[in-house]
Amino acid sequence: MIVLWGIGMRTFHPIRKAIFPVAGLGTRFLPATKALPKEMLPVVDKPVIQYIVEEALAAGLTDIVFITGRGKEAIENHFDVSLELERILEERHELEKLQVVRDTSNMVHVAYVRQKVPQGLGHAVLCAAPFVDDDEPFAVLLGDDLIVADVPAIQPLIAWSREVEAPVIGVQAVPTAEVSAYGVIDGEPVHPGVYRVRRLVEKPSPEVAPSRLAIIGRYVLHHDIFSYIEATPPDARGEIQLTDALQAWVQDGRPLYAIEVQGRRYDTGSKLGFLQANIELGLRHPDVGPALWAYLQDLLRRLQSG
């Protein structure tokens, strides 16, 4: 699509690429993640990362780039063809399971980039720069944030980004006591649930936080963000934060919007969020939902009775 931009013309590409930074070490789940990537931990019967890839595909994103690190080979294997497993299932006439395996391997074509040293989310996104064309917007989906919604969580961000021709980040309101665990925005409302971002603050104390709108793991960004990330100095932990690069973007007067993401979000990077996801999605699962509900009711009765 060609649109007027200033006094000239500029080409805007459709949003097709999705970047998945999955190089984190997952230390909160040790020892489970000593040999298994945290993104491969199962929620009921699928790894967390598959739920989020399915969200991206449902929103029309077609080109997937995983930013991986050491020990993440299981993610590559999961989305690859497994001829031996397929042969065994076929010989056993377990055709339903065979179809599930084939559907997973045929789900998406992906590229993999190794982030050799974990240096923060900003650096992970920067690793994808060779795969993004000039003037091409792209999505970023974090492998910890599993969002269950009627509409794919990233889809409204894509739609608004096309509407305003600017980057968009996802936010959700969190309790005041939890704002120090997130990047938080100061935003001017422009539409119900939509804000023009005036300022971003990384992990503020509740006393100085500009709002309770926390940045969650969904972004639609423009190619120019790479130059801002390159200019962002490391923080006290030696990491390059994407929030800092976006703050510099806003300080330069460039438009950035935030959309309140609808749906139930599970922070599967925390033990509690992971357990909540398994329980709640387990209750929705047609195979185990009714039995799990009966078990939980019985457990509650036993706990109440002492």
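Laboratory data are not the source of any read-out in this text; all were calculated from the coordinates shown. What you see is a predicted model, and the numbers here were worked out from it, not measured in a lab. Don't worry about glycine lacking a Cβ; one is built from the backbone with ideal geometry, like all the others, and counts go over all protein chains shown.
Taking 19 Å as the cut-off, the amide N atoms of the range 25-51 that come nearer than this to a point 7 Å along the Cα-to-beta-carbon line of residue 264 belong to 42-51.
In the chain, the longest principal axis of the Cα atoms and the axis of helix 242-251 are about 30 degrees apart. For the range 55-71, the residues whose amide N sits under 18 Å from a probe point set 7 Å from the Cα of residue 109 along the beta carbon direction are 57-58, 60-66. Stokes-Einstein diffusion for the range 2-269, with the hydrodynamic radius set to the Kirkwood value over Cα pairs and evaluated at 4 °C in a medium of 1.567 mPa s, equals 66 µm²/s. Shape analysis of the range 107-182 places it in the oblate category; the axes a ≥ b ≥ c from the Cα gyration tensor give an a/c of at least 1.5, with a/b not above b/c.
Take the Cα of residue 190, step 7 Å toward its Cβ, do the same at residue 163, and the gap between the two points is 1.0 nm.
Where only DSSP H runs of four or more residues are counted, the chain gives -9500 deg cm²/dmol as its mean residue ellipticity at 222 nm, each run worth -39500 (n - 2.57).
If both residues of a DSSP beta bridge must be in the range 2-269, then about 65% of such bridges are antiparallel. Electrostatic bookkeeping for residue 115 treats Lys and Arg as +1 and Asp and Glu as -1; over the other residues with beta carbon under 11 Å from its beta carbon, the sum is +4. The label-point distance for residue 300 and residue 86, in a model that sets each label 7 Å from Cα toward Cβ, rounds to 4.5 nm. Filter 17/203; 38/116; 72/271; 72/203; 17/72; 46/271 down to the pairs with a C-alpha to C-alpha distance above 23 Å, please. The answer is 17/203; 72/203. Here r is the Cβ-Cβ distance between residue 148 and residue 235 and R0 is 30 Å; the resulting FRET efficiency, rounded to 0.05, is 0.40. Its residue count N fixes a reference of 2.2 N^0.38 Å for the range 23-88, and the Cα radius of gyration divided by that reference is 1.21.
Dipole magnitude for the chain: about 700 debye, using +1 per Lys or Arg Cβ and -1 per Asp or Glu Cβ, origin at the Cα centre. Relative protection proxy for 200-207, 258-265, from highest mean packing down: 258-265, 200-207 (other beta-carbon atoms within 10 angstrom).
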